[in-house]
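Read the structure below first, then the notes.
The values are calculated or read from the model by the stated rules, or taken from the named source; none is laboratory data. These figures come from a predicted structure and were not determined experimentally. Note: ideal-geometry Cβ built from the backbone for every residue, glycine included; neighbour counts use all protein chains shown.
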Amino acid sequence: MTAQREWYEKDYYKVLGVPPEATPKEITKAYRQLARKLHPDQNPGDAAAEERFKEVSAAYEVLGDITKRTEYDEVRRLGPMGDGGFSFSTGDGSGDFTDLLGQMFGRSGGGRRAGGATMRGVGPRRGGDITTTLTLAFEEAVTGLTTPLHLTSEAACSSCGGSGARAGTSATTCSRCGGRGVVDDNQGVFSFSSPCTGCQGRGSIVENACATCRGSGTEIRAREVQARIPAGVADGQTIRLKGRGAPGRNGGPAGDLLVELKVTPHSRFGRSGNDLTVRVPVSYPDLVLGAEISVPTLTGDPVRLRLAPGTNSGSRHRVRNRGITTTTRSSGTVTGDLIVTVEVDIPKNLSEEVRLAVEELAHTMDPSRRPAPSEGAVSTDSPAGGTE
């Protein structure tokens with residue numbers, strides 16, 4: 001259990017602007033909208049926005065994790081008892097009350113038990129996840145790349161390395177709780193445990209605080225992260241970079257960096273899953289008589305495609321293994337195909353020779369073809385049903 005003492009006082013649902021029954025998707029959406037709006041990059045020098053950004057991140061750290069959210073909801077439902085969280089155990093070794101109170105107040109196990117086990121302190125806490133957006137060209141998404149990401153986010157303090165103590169000094173173990181973060185109050189058969197007020201549950205005390213982070217161990221600053229984007233990523237996909245998020249607390253691991261990808265469209269190629277798609281204009285004789293045509297590829301080396309006589313305009317043709325290659329744990333390496341759609345190319349301006357040839361072809365294919373429009377006939381430059 002990792003419930004924090006401030007859970008009793010802070011309504012994280014209100015912080016994110018969502019109802020308590022909100023779905024995980026709704027919570028994530030609300031967080032991302034607020035994070036983008038309040039991010040220090042968007043509000044340089046705005047201390048209030050920076051503080052609000054931290055509150056939103058703290059709220060999502062709890063509500064965005066299904067286990068923490070369940071604990072949080074239970075704590076909020078039951079409410080605080082006494083002057084902070086506590087737990088107790090009975091001298092007969094029964095674990096029922098201990099387990100119940102441990103769930104109520106975010107403790108694992110409970111207070112001092114008959115067997116001598118003691119309640120854990122606050123302990124290490126994992127850092128929050130950070131979300132950023134990366135825009136890729138279509139070709140970059142297909143081939144993959146390694147690129148630097150420039151972030152302004154919470155990071156370990158550059159002056160103290162995250163310890164919170166001024167250079168040349170260090171945090172000392174809290175003498176009141178012995179570094180456990182909690183203190184026990186033995187009352188006969190019961191043993192009550194509550195967060196240590198001497199160190200606020202951290203287990204250590206910073207007597208000479210770092211001037212940069214004021215003892216918090218973190219600061220908002222610019223940093224660069226190298227991100228490896230694998231080949232075959234798609235628009236809207238999110239890449240998780242482990243341990244590149246916000247720093248942990250009390251020696252806990254850092255959170256993750258979530259990179260949301262936006263892929264710009266290509267001027268000629270499209271994508272359907274792992275298949276590349278392309279449209280190729282061909283002449284009417286090539287469709288009727290059959291031909292071998294040149295088809296462009298994303299790598300620049302064209303392939304030859306043979307069309308059978310009588311090929312229809314709009315027909316689709318598959319060139320094997322010339323699509324997009326992706327690698328997943330479940331499927332391994334998979335390469336898609338190149339899907340070619342052939343379309344008849346209708347020339348806009350005809351030479352006299354070509355016009356006469358087309359008229360002769362039309363008469364040959366349909367002897368009853370009506371003559372050219374007479375004087376006064378209506379003509380149009382747009383297809384039927386078209387609009388200017």
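Taken over the range 239-274, residues that are acidic (Asp, Glu) and either surrounded by 17 or more Cβ atoms within 10 Å (Cβ to Cβ) or not in a strand (DSSP E or B) (or both) amount to 1. Close Cβ contacts (under 7 Å, 6 or more residues apart or on different chains) running from residues in the range 336-357 that are touching a residue at least 12 places away in the same chain (Cβ under 8 Å) and in the same structural domain as Leu298 (by TED's automatic domain parsing) to residues that are β-branched (Val, Ile, Thr) and assigned to a loop (DSSP other than H, G, I, E, B) comprise Gly336/Ile324; Leu338/Thr297; Val342/Thr311. Residue pairs whose Cβ atoms lie under 9 Å apart, sitting 6 or more positions apart in sequence or on different chains, and linking a residue in the range 224-239 that is on the phi > 0 side of the Ramachandran plot to a partner that is small (Gly, Ala, Ser), are Gly232/Ala141; Gly232/Gly144; Gly232/Gly336. Taken together, Gly251, Gly255 contain a single residue that is touching a residue at least 60 places away in the same chain (Cβ under 8 Å), on the phi > 0 side of the Ramachandran plot and assigned by TED's automatic domain parsing to the domain that holds Ala137, which is Gly251. Checking each residue in the range 289-345 for being of a type outside the set (S, T, N, Q), exposed (fewer than 13 other Cβ atoms within 10 Å of the Cβ) and in a loop (DSSP other than H, G, I, E, B) picks out Gly300, Asp301, Pro302, Ala308, Pro309, Gly310, Gly314, Arg320, Arg329. Under 22 Å from Gly245 (Cβ atoms), modelled with pLDDT of 70 or more and basic (Lys, Arg): does that describe Lys10? Considered against the rule, which asks whether it is under 22 Å from Gly245 (Cβ atoms), modelled with pLDDT of 70 or more and basic (Lys, Arg), Lys10 comes out as yes. Exactly one residue among Thr264, Thr311 is within 27 Å of Ile346 (Cα to Cα), of a type in the set (Ser, Thr, Tyr) and touching a Leu at 6+ places or on another chain (Cβ under 9 Å), and that residue is Thr311.
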